[in-house]
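To start, the structure itself, in structure tokens.
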Amino acid sequence: MGKRLLSKNLKRTVLSAALLVMLGVMMLFAHRVFVSQALDGLFERERATVALHTENVRGWLGRYRPLAPTYAHYSEIIGLLKNPQDQQRVDDINLQLERWTAASGASDTYLLDRSGMTIAASNWNAAKTFVGNDYAFRPYFQDAMQGRLGRYFAMGTTTGVRGYFFAYPVQDGGPPIGVVVVKIQVGLIEQDLRASPHQVFVSDQDGVILLSGHPRWRLKTLGGLDNEVRRRIGKRRQFAGAPLPDVEIQGLDDGAGERLRLVYAEPDRSNAAVKEFLHLSQGMTVEGWTVHLLVETRGARRQALVYTMLLGLGLLAGLLIAFVFWQRRQFYLSRLAKREQIQRALERRVEERTADLTTINARLAEEVAERTQAEATLRQTQAELVQAGKLAALGQMSTALSHEYNQPLAAIRTYAENAGAFLERGQIDKAESNLGRIAKLTERMASLSKHLTAFARKPKDTTGPVSVKAALDEAIALLRGRIEASGAVVDVRGVDDVIVTGGQVRLQHVFMNLIGNAIDATAAASPPRITVTVREVEGKAAVVVEDNGTGFAEDDVERLFDPFFTRKEPGKGLGLGLSISFNIIRDFGGMISAENISGGGARLIVSLNRPEATLEAAE
Ligand code: ADP
């Protein structure tokens, strides 16, 4: 279990680590895409800027380009070149050149003769005048002497000032007789370049930076110059011997183009930080120059970073939401599983219980069958016992009966003999009286025999409304012999006639048992007293038999109703009377109980149901 948990945790950790790494890689990739997109956007936007600067430079040059050709056609200039020794002409042209220069905004305007010597110049009056200087080595002179517009960027050998030179041949119907040169200053255009929010500079075909808004980059090279080029530059004294070191921009290559390039430079020494720039460039075909634009990438990168961060936040939020959903689902699933488990357990338990119940049911059914069987047997036995009890009582009674019958029989014989004698003597009255007595005695004997037949008969089990009084009277009548013999006083009290549910003969048998027992128990009492009280209580009737006899021993009370429980001598009691009575009363739906009377004697209480129906013979 622990191991499994550990491996599960490990798995989860590895999984989350992998997820994090994947996320990281994704973010990196996304960031790169964002950066490249931002840079692309910047590149596209700034292409217009570099084109604008190119146009600006081209415009700047274009403004001055027509000057030299115009001047070259001026007749006074042709005149001077034809008469170079004429001082008056020289002075006039000097003044004219000075005026033109001032008007055009050029730096200098001067006139070379066909050998390259300066014969007149706008700065004739300055300390470092060009007049008298030989510029035959300058390519612009050579170009012009070949009949075309010479154009050249150079640092002035005389002034040490950078400038652009336009040169045009002066012709008088034949080959060039001289050259007009207009030098323009770079200050103005560099001011324009400097005003740009970006770094702008212009390089020539050799990769030398001619113009730059940034002063430190002027006259530096984009990539090292080879010796051939250096020699050529030196020969033409293009940059007046300037050292031409490499410019402090890393990543530059000279291939001007359309593609995106990043370079690094410290454009401003004050904060001396290397910054990253996007390098854009555009070529100028006529001059062979390239206009360069360095745009800081910081803004674009920052924008890309913001996008990346937003994406990261979005991803994190997404992950978080996914996680929350996952957890909720997990929770729900586990709850479902638990519920299912509980349900399954419940179902199993129900099944088990059902099985148990089925077994129990089967057992119960068996038991019920057994009980029914036992009850049937019991009933059978009880019926037999009732019969046996009756027989026992009959045995007892037969002794009494033989006494009962013998005594009247003897009396009848005596009365009969006497009646015979009275008849012989003619004493008819007396004989009649004796015969009457005989008739009475036989009546009594007939009544006795009727009771006996009724008693010996096994009763039907049916119950119905019976009279308590009738049953009591019958029982007492049957016991009259014993009552008289014992001298007991039997007192019947209470409600005169109560109808209860039962069987006449069986109820009478119960009363006979109870009163018989009371007679036995009161044998030693003087005088023996037996009280029978009939009461009505809440739809029931109670018959209470009390005597002033011995009462019961404490331990016997519980066993009184057990079959064969007796305290009487052998031959006197079978111990069935109360047991049979108990069963009879129970069959009637009633109750029988026994208790001692506190002053001495026993109390037996028979409780019986009272039917709603009218009295009807039960048997
Ligand atoms: P039997 O009369 O044959 O003994 P019973 O079931 O009628 O059987 O009575 C059981 C016993 O209960 C008697 O032996 C007697 O000891 C006791 N008993 C019954 N009625 C009384 C009574 N009224 N007073 C005292 N003892 C009694």
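What to note about this one:
- Under 11 Å, Cβ to Cβ, from Leu333 - net charge with Lys/Arg +1 and Asp/Glu -1: +4
- Fraction of accessible area attributable to carbon and sulfur, the stretch 76-174 (%, probe 1.4 Å): 47
- Helical runs (DSSP H, four residues minimum) scored at -39500 (n - 2.57) apiece and divided by the length of the chain put the mean residue ellipticity at 222 nm at -18500 deg cm²/dmol.
- Backbone phi angles across the stretch 134-144, fed through the Karplus curve with coefficients 6.51, -1.76 and 1.60 (θ = phi - 60°), yield HN-Hα couplings of 9, 10, 4, 6, 6, x, 4, 5, 5, 4, 5 Hz in residue order; Gly and Pro are listed as x.
- Cα long-axis angle, helix 428-456 against the chain (0 to 90 degrees, to the nearest 10): 20
- Look at the dipole of the stretch 526-614 built from charges on Cβ: of Asn609, Asn596, Pro528, the Cα furthest out on the positive end belongs to Pro528.
- Local charge for Lys469 was computed over the other residues whose Cβ lies under 11 Å away, with Lys and Arg +1 and Asp and Glu -1, and equals -4.
- Comparing Cα centroids, the stretch 19-53 and the stretch 66-145 end up 55 angstrom apart.
- When each of the peptides 225-237, 324-336, 507-519 is scored by how many other beta carbons lie within 10 Å of its residues on average, the order from highest to lowest is 507-519, 225-237, 324-336.
- Seen from a random direction on average, the alpha-carbon convex hull of the stretch 226-371 projects onto 19.8 square nanometres.
- Here r is the Cβ-Cβ distance between Leu319 and Glu347 and R0 is 41 Å; the resulting FRET efficiency, rounded to 0.05, is 0.50.
- Computed with a 1.4 Å probe over protein heavy atoms only, the accessible surface of the chain comes to 57 Å² per residue.
- For the listed peptides 158-169, 479-490, a ranking on the average number of other beta carbons within 10 Å per residue, highest first, reads 158-169, 479-490.
- Two-decimal log10 I(q)/I(0) for the stretch 480-619, as the Debye equation yields it once each C-alpha is a single scatterer, q = 0.10, 0.12, 0.13 Å⁻¹: -0.33, -0.48, -0.57
- Relative packing of 86-94, 591-599, which averages over residues the other C-beta atoms within 10 Å, highest first: 86-94, 591-599
- The alpha-carbon of Lys572 sits under 13 angstrom from the alpha-carbons of these aspartates and glutamates, leaving out residues fewer than 8 places away in its chain: Asp520.
- The smallest convex shape that holds all Cα atoms of the stretch 128-228, its convex hull, gives 129 Å³ per residue.
- Calculated P(r) tail over 31 Å for the chain, as whole % of Cα pairs: 74
The values are calculated or read from the model by the stated rules, or taken from the named source; none is laboratory data. Since we're looking at a predicted model, the values are computed, not measured. FYI the Cβ positions are ideal-geometry reconstructions off the backbone, even for glycines, and counts take in every protein chain you see. Quick note on the areas: whole protein, heavy atoms, side chains included, nothing else; ligands and nucleic acids left out. Shrake-Rupley method; radii C 1.70, N 1.55, O 1.52, S 1.80 Å.
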